[in-house]
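Q: To start, I am sharing the structure in question, which I have written as structure tokens.
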Amino acid sequence: MAFYLDDTQRKTLTRLATSWTWRTQWPTWALIVTIYSGWFGAATHARELGLPLAVALLALLSAWYMSLQHELLHGHPTRSRLVNAGLGFAPLAVWFPYGIYRDSHLQHHEDAHLTHPERDPESYFVNSLVWQRAGWAIRALLTFRNTFIGRLLVGAGVFYFSDRCGCARQNQAR
């Protein structure tokens, strides 16, 4: 079993769990309303918006919807699997049906090597030796890449580059 939190982080989470935002999950509910209304608004008003803007909005909202589906399958905003499935079933992004995505993604989490820098191909983490050897510029880039805006702007490119040059992980074949 992997341990992700230290005592300080556990105490912080315990304190945050008493907040109104945590208990109500209102940001996730706002996200649901924003994504659905935005997607259906852009789809039904595509002619008025113009094709380039409508396509751009639908692409952005579809990607955002996939992020929402990820939150839903992890139990946000409700603890009810049925309610969350109802909130995420619509094929707005035409990716996978929600049930298939949920089952395969949760199976992915049943891995002792989840987020391990050298064993999880989806990990954005690096091991301590690689981090110590990286210069300040690479560290800054990797740190930026792990922020929301960094994932949007440079995420895939940094991941591809760092994987190719060996900056992100040591040789996995060892």
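The values are calculated or read from the model by the stated rules, or taken from the named source; none is laboratory data. None of these values were measured; they are calculated from a predicted model. Here Cβ is always computed from backbone atoms with ideal geometry, including for glycine, and neighbour counts include all displayed protein chains.
Q: What residue, of L92, L53, is in contact with a Phe, Trp or Tyr (Cβ under 9 Å, 6 or more places away or on another chain), closer than 26 Å to I149 by Cα and not basic (K, R)?
A: Being in contact with a Phe, Trp or Tyr (Cβ under 9 Å, 6 or more places away or on another chain), closer than 26 Å to I149 by Cα and not basic (K, R) holds for just one of L92, L53, which is L92.
Q: Out of (1) under 20 Å from F148 (Cβ atoms); (2) modelled with pLDDT under 95, what's the single condition that is false for W29?
A: All conditions are met except number (2).
Q: Residues of the stretch 89-146 being among the aliphatic types (A, V, I, L, M), loosely packed, with under 11 Cβ neighbours inside 10 Å and modelled with pLDDT under 80, which ones?
A: V94, A112
Q: Could I ask something else about it? Does T24 qualify as being loosely packed, with under 15 Cβ neighbours inside 10 Å and at negative phi?
A: Judged against the criteria, T24 is a match.
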